[in-house]
1. Residues in region 194-216: is at least one surrounded by fewer than 20 Cβ atoms within 10 Å (Cβ to Cβ), assigned to a strand (DSSP E or B) and of a type in the set (Phe, Trp, Tyr)?
2. Would you point out which residue out of 16, 71 is of a type in the set (A, V, I, L, M, F, W, C), part of a strand (DSSP E or B) and either farther than 30 Å from residue 231 by Cβ or modelled with pLDDT under 95 (or both)?
3. Go through 127, 92 for me and flag whichever is charged (D, E, K, R) and out of contact with any Gly (no Cβ under 6 Å at 6 or more places or on another chain).
4. Select from region 217-243 the residues that are among the hydrophobic types (A, V, I, L, M, F, W, C) and in a loop (DSSP other than H, G, I, E, B) and write down the one among them that is farthest from residue 103 (Cα to Cα).
5. If we keep just the residues of region 129-144 that are over 12 Å from residue 156 (Cα atoms) and in contact with a strand residue (DSSP E or B) (Cβ under 6 Å, 6 or more places away or on another chain), which is surrounded by the fewest Cβ atoms within 10 Å (Cβ to Cβ)?
6. Is at least one residue of region 94-110 surrounded by 14 or more Cβ atoms within 10 Å (Cβ to Cβ), in a strand (DSSP E or B) and of a type in the set (D, E, K, R)?
7. Scanning region 74-93 for residues that are in a strand (DSSP E or B) and among the β-branched types (Val, Ile, Thr), which turns out nearest to residue 158 (Cα to Cα)?
8. Counting just the residues of region 111-139 that are farther than 23 Å from residue 56 by Cα and outside any loop (DSSP other than H, G, I, E, B), which one comes out farthest from the chain's Cα centre (by Cα)?
Amino acid sequence: MRRFGSCLAAVSVVFVSTAGVATATPTVTLKAALGGLKPRKHVFGAPATAEYQLSIRSNEYDGAPPPLERVVLGLPMGLVVNDAGFTSCSEETLRDDGPSACPKGSAIGPTGSAQAWVSFGGERVPEALDVESYNDEGHVNVLLEGHSPVLVEAVATGIYPHLKPTPELSIAVPPEETVPGAPLLSLEALSLKLGALLKHKKEIHSYFTGPAKCPASGTVTFTAALTFAAFSGHAQQTVTRSYAQTCPKE
């Protein structure tokens, strides 16, 4: 490895931290799932995917949620991350040339989606975005791309601060200004699925391998910590959600 820094049970916990002036807390909802990859549908000890669905409700930032600064995704304990065999697509390549310039074998998941609020003229309007994830020598680059009503090409960069016992992916979200001086892009929904298979030198490589077995609790746990930017007297806030999925049947 290179440089790394179903049936759902509705078990969810929220933690909030703030810095500075008190402000209303965005409402964050997390759903997540550990899944298998074709041709096998097994999850434990087998190629796997991790899917996160986040929704954000707030009108504090010009009628929309505050801009995100960071998203930290906690993966299930025992899940293995391995980019061996996968090629790399750099942040610079995505920003300057777009995903079509990324080499084959660099994508680490299917295209996801996001719902954003952007500035267009003097208004705030909704925009649907595509979300694509790429390996970058063990780091992760996430492209947020939209074309109407405004052009959005933002690259969020992720690292794995640690891989054991519980892998964690920390993604820095850049401020995206669609109109000079106007409010920044903000997200109200994000759907991200990570996990891919790659054939390299006659061997099959999996970016994620599921935990060896179902935990004694009968559930696998995901977390997501969202840090929202400070703005106009409103404090920076971090909201953390957890979600427990009943172990998929093998």
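The values are calculated or read from the model by the stated rules, or taken from the named source; none is laboratory data. Computed from a predicted model, the values in this text were never measured in an experiment. Every residue, glycine among them, receives a Cβ derived from its backbone with ideal geometry; neighbour counts consider all protein chains shown.
1. For region 194-216, residues surrounded by fewer than 20 Cβ atoms within 10 Å (Cβ to Cβ), assigned to a strand (DSSP E or B) and of a type in the set (Phe, Trp, Tyr): absent.
2. Exactly one of 16, 71 is of a type in the set (A, V, I, L, M, F, W, C), part of a strand (DSSP E or B) and either farther than 30 Å from residue 231 by Cβ or modelled with pLDDT under 95 (or both), namely 16.
3. Just a single option satisfies the conditions, and that option is 92.
4. 235
5. Only one residue tops the list, namely 130.
6. No - not one qualifying residue is present in region 94-110.
7. Per the criteria, the residue is 81.
8. It comes out as 136.
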